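Here the structure comes first, spelled out in structure tokens, and everything after it is commentary.
The values are calculated or read from the model by the stated rules, or taken from the named source; none is laboratory data. All values derive from a computational prediction rather than experimental measurement. Because the Cβ atoms are built from the backbone with ideal geometry, glycine has one as well, and the counts that use them run over all protein chains shown.
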Amino acid sequence: MATTDAAITLYRLQACPFCERVVRKLDEYDLDYRSRFVEPMHSDRDIVKRISGKRTVPAIVDENTGVTMSESANIVSYLRDTYGTEHASAGTRAEAE
Amino acid sequence: MSGIDFEVVELGDADAVEVGERAPDFTRPLVDDEFWEDVSLSDLVAEGPVVLVFTTMDGAFPSTYMWNAIRDRGWGTEGGPAAEATVVGLSISTPYEHKTLVRERGMDYRLFADPSNAVAESYGIVNDLDGMEGVTEPRPAVFAIDSNQVVQYAWFASEWPDFPDYDEVEAALEDL
């Protein structure tokens with residue numbers, strides 16, 4: 001899912017496996033997110049630096065919790081800890097629709 | 001006989017969206033100098049009037065000329081024509097090329113990337129490119145869209161090359 005009014009923004013790079021890992025988790029938890037694609041050139045990723053303090057992607061901003069985070073492993077654990085318990089109910093909702 | 005020995009190609013009639021009609025909505029990656037994300041025309045219209053500028057692919061001289069002119073005239077910027085409007089561009093170029101154009105032109109405008117050219121199709125302004133098999137792009141065009149997403153001004157190229165009458169557009173923008 002990708003909507004412009006989503007609470008979660010994912011800063012990503014095209015074809016970046018670490019970013020896809022986060023995407024898979026977002027999809028697994030049925031979370032709405034907005035994708036912002038940035039430059040392949042590390043030195044040109046000023047927007048990511050401004051929001052997260054680093055130029056690495058993936059990085060997410062979650063307005064639900066006020067959390068900004070980089071490093072895919074950290075993000076995946078964060079998503080699991082924050083949204084993992086809702087996984088079952090989200091799945092039920094999807095089935096009901 | 002003008003005595004000028006170059007060819008200005010007639011593009012003929014187009015079945016373009018007209019003044020008073022609803023501007024067809026679309027969602028495409030919208031590119032600034034730092035990133036791109038999917039944005040709908042209706043998202044922009046929700047914030048106010050929109051000036052939608054269709055150009056040739058990035059790198060072709062008409063798009064360079066048009067953005068230089070729009071930047072220098074300050075459309076959509078404080079104190080400039082249509083200061084409250086969002087001025088955005090669209091071409092078939094990829095987001096990567098758009099970022100380069102935005103940076104090289106030093107322009108404060110975002111550009112939609114539509115390699116499929118489907119948006120130009122929905123606006124009735126497709127230009128089939130001679131000598132580039134399988135490639136189509138929009139005719140150069142300007143649509144001024146009010147906050148109800150209704151077209152209030154429309155211009156599209158009828159020759160190749162052809163440029164908007166910037167003064168005429170600015171007069172129309174005053175009424176947006």
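Search region A:2-51 for residues being among the hydroxyl-bearing types (S, T, Y), outside any loop (DSSP other than H, G, I, E, B) and more than 10 Å from every other protein chain (Cβ to nearest Cβ), and hand back the single one that is nearest to A:T82 (Cα to Cα). Ranking the qualifying residues of region A:2-51, first place goes to A:Y33.
In the set A:S52, A:S43, which member is surrounded by fewer than 19 Cβ atoms within 10 Å (Cβ to Cβ), among the hydroxyl-bearing types (S, T, Y) and over 10 Å from the mean Cα position of the chain (by Cα)?
Being surrounded by fewer than 19 Cβ atoms within 10 Å (Cβ to Cβ), among the hydroxyl-bearing types (S, T, Y) and over 10 Å from the mean Cα position of the chain (by Cα) holds for just one of A:S52, A:S43, which is A:S43.
Taken together, the residues in region A:1-50 that are over 16 Å from B:E37 (Cα atoms) and β-branched (V, I, T) amount to 1.
May I ask you to verify whether B:F143 is of a type in the set (F, W, Y) and not in a strand (DSSP E or B)?
No.
B:G131 falls short on exactly one of the conditions (1) part of a helix (DSSP H, G or I); (2) free of Cβ contacts under 8 Å to residues at least 60 places away in the same chain, and that condition is (1). Taken together, the residues in region B:29-58 that are surrounded by 23 or more Cβ atoms within 10 Å (Cβ to Cβ) and assigned to a strand (DSSP E or B) amount to 8. I need the full set of residues from region B:14-27 which are modelled with pLDDT of 95 or more and either within 12 Å of chain A (Cβ to nearest Cβ) or surrounded by fewer than 17 Cβ atoms within 10 Å (Cβ to Cβ) (or both), in order please. Result: B:E18, B:V19, B:G20, B:E21, B:R22, B:P24, B:D25, B:T27.
Output the residues belonging to region B:28-56 that are away from chain A (no Cβ under 14 Å) and over 27 Å from B:S158 (Cα atoms). The answer is B:G48, and nothing else. Would you mind finding the one in B:G79, B:G89, B:G59 that is away from chain A (no Cβ under 14 Å), closer than 27 Å to A:D5 by Cβ and not basic (K, R)? From the options B:G79, B:G89, B:G59, the qualifying one is B:G89. Could you tell me whether region B:69-89 includes any residue that is in contact with a strand residue (DSSP E or B) (Cβ under 7 Å, 6 or more places away or on another chain), without any contact (Cβ under 8 Å) to a residue 60 or more places away in the chain and at positive phi? Yes.
How many of the residues in region B:49-92 are more than 29 Å from A:R12 (Cβ to Cβ) and not charged (D, E, K, R)?
Number satisfying all stated conditions: 21.
Looking at this structure, is B:W160 free of Cβ contacts under 8 Å to residues at least 60 places away in the same chain, more than 20 Å from B:V39 (Cα to Cα) and aromatic (F, W, Y)? Spelling it out, it is not the case that B:W160 is free of Cβ contacts under 8 Å to residues at least 60 places away in the same chain, more than 20 Å from B:V39 (Cα to Cα) and aromatic (F, W, Y).
In region A:55-69, the residues that are closer than 17 Å to A:R80 by Cβ and touching a residue at least 60 places away in the same chain (Cβ under 8 Å) form no Cβ pair under 6 Å with any partner that is hydroxyl-bearing (S, T, Y) and assigned to a loop (DSSP other than H, G, I, E, B), whether six or more places apart or across chains.
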